[in-house]
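Asks: The structure follows.
Just so you know, all these numbers are worked out from the coordinates, no wet-lab data involved. Everything numeric in this text was worked out from a predicted model, so none of it was measured. Don't worry about glycine lacking a Cβ; one is built from the backbone with ideal geometry, like all the others, and counts go over all protein chains shown.
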Amino acid sequence: MFCLLPNCLAQETFLVKDSASHIKCSVNYAVVPKIRGDFQSFSGKIKYDAKNIAKNSVEMSIKTESIKTGRESWDKIIRSKRLLDSKQFPLMTFKSKKVFIKDGKYNAIGIISLHGISREMTFPFEIQKVNTGKDGYLLAKGIWKINRKLFDVIWHKQLDKGGIIVGDWVTIDWQLTAVK
């Protein structure tokens with residue numbers, strides 16, 4: 001992590017710019033090696049203070065109906081009651097409670113809410129660049145793994161016992177550009 005200015009300022013607020021960011025997900029699937037999707041609509045706010053990590057925070061909101069896999073038939077299944085149930089649960093959210101550095105890496109402890117269930121989880125991430133100048137920006141990225149079953153995302157009651165057809169673990173690969 002570094003600042004492009006000699007002295008980083010106190011806490012700054014940055015808003016996620018979805019057109020310059022991505023949130024991708026993938027899950028193993030029996031018919032093809034992985035189903036990959038991109039969330040097209042999301043927003044977020046990052047509070048950043050280089051001198052006092054404890055003041056840092058992040059809030060994210062992702063529209064579940066915005067997932068695109070490149071195959072409309074898969075998109076419909078993922079958005080349906082069988083998986084994300086986007087009509088009943090239109091948002092997936094994350095709100096940090098604490099940001100800290102462990103073994104030289106950033107981590108965020110927070111509440112992730114998905115499919116009507118909220119759970120506290122810890123996620124690692126990197127801050128790649130920060131510019132606190134007039135046209136300031138922040139670039140951050142991470143790869144997280146979430147067990148979909150912890151959020152009752154069960155695609156089929158009978159066949160979804162061991163994650164054989166649809167994998168239990170969803171990988172979320174994200175990179176955020178946030179601006180002042």
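Asks: Sort the following peptides by mean Cβ neighbour count (other Cβ atoms within 10 Å, averaged over residues), highest first: 168-178, 107-117.
Replies: Working: 168-178: 18.4, 107-117: 16.8.
Sorting 168-178, 107-117 by mean packing, highest first, produces 168-178, 107-117.
Asks: Taking 8 Å as the Cα distance limit and 6 or more residues as the minimum spacing, I'd like the relative contact order of the chain as a percentage. Don't skip to the end; give the middle numbers.
Replies: Values: 425 pairs, mean separation 47.9, N = 180.
Computed over the chain, the figure is 27 percent.
Asks: Tally Lys and Arg at +1 and Asp and Glu at -1 over the other residues with C-beta under 12 Å from the C-beta of Thr69: what net charge comes out?
Replies: +4
Asks: Here is a further query. Among the listed pairs Lys24/Lys51; Lys102/Lys134; Lys34/Lys102; Lys45/Lys102, give every one whose C-alpha distance is greater than 26 Å.
Replies: Pairs exceeding 26 Å: Lys24/Lys51; Lys102/Lys134; Lys34/Lys102.
Asks: Follow-up question, since we're still on this one. Classify the range 79-171 as rounded, prolate or oblate from the Cα gyration tensor: take a ≥ b ≥ c as the square roots of its eigenvalues, call it rounded if a/c is under 1.5, otherwise prolate when a/b beats b/c and oblate if not.
Replies: In terms of gyration-tensor shape, prolate.
Asks: Separate question: Residue by residue through the range 82-92, which ³J(HN,Hα) values in whole Hz follow from phi under the Karplus form 6.51 cos²θ - 1.76 cosθ + 1.60 (θ = phi - 60°), with glycine and proline marked x?
Replies: Computed from phi, the couplings for the range 82-92 are 5, 10, 6, 6, 4, 5, 7, 10, x, 10, 10 Hz.
Asks: Now for a separate question. With Cα extents along the principal axes in Å in mind, check (1) 52, 37, 28; (2) 43, 39, 32; (3) 58, 30, 29 and report the label derived from this structure.
Replies: (3)
Asks: For the residue pair Asp173 and Ser73, what label-to-label distance in nm results when each label sits 7 Å from Cα along the Cα-to-beta-carbon direction?
Replies: 2.5 nm
Asks: Report the extension gain between Ala54 and Leu150 in nm, rounded to one decimal, defined as 0.36 nm multiplied by the number of residues separating them, less their alpha carbon distance. Walk me through the intermediate numbers first.
Replies: Details: separation 96, 0.36 × 96 = 34.56 nm, distance 2.81 nm.
Taking 0.36 nm per residue and subtracting the Cα distance, the gain is 31.8 nm.
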